[in-house]
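Please read the structure below before turning to the comments.
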Amino acid sequence: MDVLVIGGGPAGMMAALTAAQGGARVTLLERNEKLGKKLYITGKGRCNLTNACDSEELVRSTVRNGRFLYSAYAAFDNRAVMEMIEGLGVPLKVERGNRVFPQSEHASDITRALTRALERAGVAVRLRARVAEVLAEQGAVRGVRLSDGQVLEADAVILTTGGMSYPVTGSDGDGHRMAAAQGVALTPCTPSLTPVETAQDWPKRLQGLSLKNVRLTLLKKGKKRYSEIGEMLFTHFGVSGPLVLTASTFLSGEDLGLYTLQVDMKPGLDAQKLDERIYRDLEEAPNRQWGNILPALLPQRMVGEVLALCGIAPDTLCHQVTREQRRALGERIKALEMTPAALRGWEEAIITRGGVRCGEVDPKTMAAKAVKGLFFAGELLDVDAVTGGFNLQIAFSTGYTAGKSAAEAL
Ligand SMILES: Cc1cc2nc3c(=O)[nH]c(=O)nc-3n(C[C@H](O)[C@H](O)[C@H](O)COP(=O)(O)OP(=O)(O)OC[C@H]3O[C@@H](n4cnc5c(N)ncnc54)[C@H](O)[C@@H]3O)c2cc1C
């Protein structure tokens, strides 16, 4: 009995492997010249493959339709992913925020390990094979047609073609079109986990500067929507980096003018402690220019920008600084404000929001409700999560479930 898996990303590799281990004859079709092209660039090439959090956080970190994933997570959770990957000979390590990476820091090790496992399980991998159409008759799958016209017959088809972001990696919406052609309903797709353009120019002048251990807070009409400590980056259009990408998930489809991004440069010091620290620094160097001593407190490149935002001349001598000026600087360091002007597009989005509507899919099996023998897994589904390894976990959990149930259904 034959299973065809369409798309050789993490979801497809996992689905193919699990279906083969379940006794099915499996062919994995990938349009690119190699498997896992997107996987290769995950985590800046280091692959943050999952998160070593507890099961509740796994669901909580899934921004869209987390409850749809209960069964898939129960069947194959983050512990199962770690155990499996280590079992395939790739030792892992856990970093800040429970992010899990291969010890080697090479995403390619994950793809290589999975490719070897596919070989051992007897999965036939066909590269440069782009699927154009899923073929079905009387409500049941019968195979696929490739873009060169060739027809491949099958009893089950698992669609794992990914989302639409970073289209150079091969995922550009083919699977969405194929699902829609089978009458499967989709929710609209938008780029998510995107860098953010800012209305202000000062962040753009700081292009290339990255900040560690700062707190980023997203406010909607002054009310806190997101707040976390971590890393962010200034770019030629505004801001990016893990904190900003996660904050952006709250912004998709919203009126950006209602939002403010606020950076606390010194989350470890409360306002009082920070003021005492600034006061001490001023007392220790009464005759120096304020701008010259501030690099002890702020990254050098930020000093001029932050003083300008406070309306303070950098050549003000320390003994001339007024209490109001000192307080104004302290307040600014605790709350540097930016207004989001736009989200970056598909080329830079880490994931896709939207896709195959969860109501169309049985969460226990990942099977389409309307077409017998059709299964979905990975980013093609309308599920998405924050950064931290959660999106790859979704691909692995749903891929496992789809592969297992496709083999069982046969
Ligand atoms: C820059 C970047 C960094 C990221 N870092 C992380 C991270 O560190 N941790 C994390 O959890 N997530 C990360 N993500 C998200 C994560 O990579 C995706 O969520 C995940 O790859 C989705 O897996 P998938 O198998 O569903 O889809 P994909 O990985 O997109 O794989 C889909 C595959 O299907 C193939 N395909 C498409 N159409 C066809 C067709 N018609 N015929 C045949 N094959 C087809 C594609 O070529 C592709 O290989 C990152 C994403 C990006 C862009």
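Inside the stretch 382-408, residues that are open to solvent by less than 20 Å² (accessible area, probe 1.4 Å), of a type in the set (A, V, I, L, M) and within 8 Å of the ligand (Cβ to nearest atom) make up a count of 3.
Just for the stretch 259-279: of the residues that are open to solvent by 40 Å² or more (accessible area, probe 1.4 Å) and of a type in the set (Asp, Glu), which one is farthest from Arg327 (Cα to Cα)? Checking each candidate, the answer is Asp270.
Selection of the stretch 31-50 for residues being part of a loop (DSSP other than H, G, I, E, B), among the basic types (Lys, Arg) and under 21 Å from Ser240 (Cα atoms) yields only Arg46. Scanning the stretch 156-199 for residues that are open to solvent by 50 Å² or more (accessible area, probe 1.4 Å), more than 20 Å from the chain's Cα centre (by Cα) and not small (Gly, Ala, Ser) returns Arg177, Leu186. Is there a residue in the stretch 132-145 that is modelled with pLDDT of 95 or more and assigned to a helix (DSSP H, G or I)? The answer is no, given that none of the residues of the stretch 132-145 is modelled with pLDDT of 95 or more and assigned to a helix (DSSP H, G or I). When Gly43, Gly8 are screened for being open to solvent by less than 10 Å² (accessible area, probe 1.4 Å), among the small types (Gly, Ala, Ser) and within 15 Å of the ligand (Cβ to nearest atom), only Gly8 passes. Does any residue of the stretch 131-140 turn out to be within 20 Å of Ala16 (Cα to Cα), assigned by TED's automatic domain parsing to the domain that holds Asn48 and open to solvent by 40 Å² or more (accessible area, probe 1.4 Å)? Checked the stretch 131-140: at least one residue is within 20 Å of Ala16 (Cα to Cα), assigned by TED's automatic domain parsing to the domain that holds Asn48 and open to solvent by 40 Å² or more (accessible area, probe 1.4 Å).
Filter the stretch 18-30 for residues that are over 11 Å from Val125 (Cα atoms) and surrounded by 21 or more Cβ atoms within 10 Å (Cβ to Cβ) and give the result. Within the stretch 18-30, Thr18, Ala19, Ala20, Ala24 meet the criteria. Given the condition within 23 Å of Ala385 (Cβ to Cβ), away from the ligand (no atom under 14 Å from the Cβ) and touching a strand residue (DSSP E or B) at 6+ places or on another chain (Cβ under 7 Å), answer yes or no: does some residue in the stretch 191-208 qualify? Yes, because at least one residue in the stretch 191-208 is within 23 Å of Ala385 (Cβ to Cβ), away from the ligand (no atom under 14 Å from the Cβ) and touching a strand residue (DSSP E or B) at 6+ places or on another chain (Cβ under 7 Å).
The values are calculated or read from the model by the stated rules, or taken from the named source; none is laboratory data. As the structure is a computational prediction, the values presented were derived from the model and not from experiment. Positions of Cβ are backbone-derived with ideal geometry, glycine not excepted, and every protein chain shown enters the neighbour counts. The area values use the complete protein model at the heavy-atom level, side chains included, leaving out ligands, DNA and RNA. Shrake-Rupley method; radii C 1.70, N 1.55, O 1.52, S 1.80 Å.
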